[in-house]
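The structure appears below as structure tokens.
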């Protein structure tokens, strides 16, 4: 039995869920998100408008069903958090002359190359440059926010000698010692 899957999801006060067959539409103050669950394996129900529950139809639960049960529960919970509070990632630029600017829907990065790097921002994602070296990425969909953060980090990965590059806030960088004489 899945430890994560059997926990009920608490529906926030300002959010709501609509169950239509195998589609779940979750809406809140930040936006809406639609998820699809496999209705041949799982059933979903809303308990007294404050708790959402997903259960396997078959009483005998194998390992694969248990894994998927926990996965679906986590995806639904992340959707509730996204539409009520939103998901956020903070990136830091470390290096001499490294800076970021936002121009309309294009993120302009100066990250040590001979040219500026332009990154097109999707419509569902909001990017804010607080200082010239701190980028805040926020949105409803956790997967999309994480993917955009990973794509921006891949433009200039952190090197291990001087820790120059783009990294997440509080990300540990394994440092190496330089060449000795």
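General observations
- Percentage relative contact order, segment 82-155, counting C-alpha pairs under 8 Å, at least six apart: 36
- Each stretch of four or more DSSP H residues adds -39500 (n - 2.57); spread over every residue of the chain, this sum gives -6500 deg cm²/dmol at 222 nm.
- Spatial separation of Cα centroids for segment 137-160 and segment 61-121, in angstrom: 4
- Remark: relative contact order (the chain) = 18 percent; criterion is Cα-Cα distance under 8 angstrom and separation of 6 or more residues.
- Segment 9-84, relative contact order [Cα under 8 Å, separation at least 6], %: 35
- Between 38, 101, 48, the GNM of the chain built on Cα springs shorter than 10 angstrom shows 48 fluctuating the most.
- Ranking of 84, 43 by neighbouring Cβ atoms within 10 Å, starting from the fewest: 43, 84.
- The angle between the Cα long axis of helix 63-84 and the longest principal axis of the Cα atoms of the chain comes to about 70 degrees, rounded to the nearest 10.
- Rounded tilt (10° steps) of 142-155 against the dominant C-alpha axis of the chain: 20
- The simple Förster model, with R0 at 45 Å and r as the Cβ-Cβ distance, assigns residue 35 and residue 177 a FRET efficiency of 0.40.
- Cα shape, segment 71-181, gyration tensor, a/c 1.5 rule: oblate
Here, each number is a calculation from the coordinates, and none is a lab measurement. Here the structure is a predicted model, which means the values were calculated and not measured. When we count neighbours, we look across all protein chains shown, and the Cβ atoms used for this are built from the backbone with ideal geometry, even at glycine.
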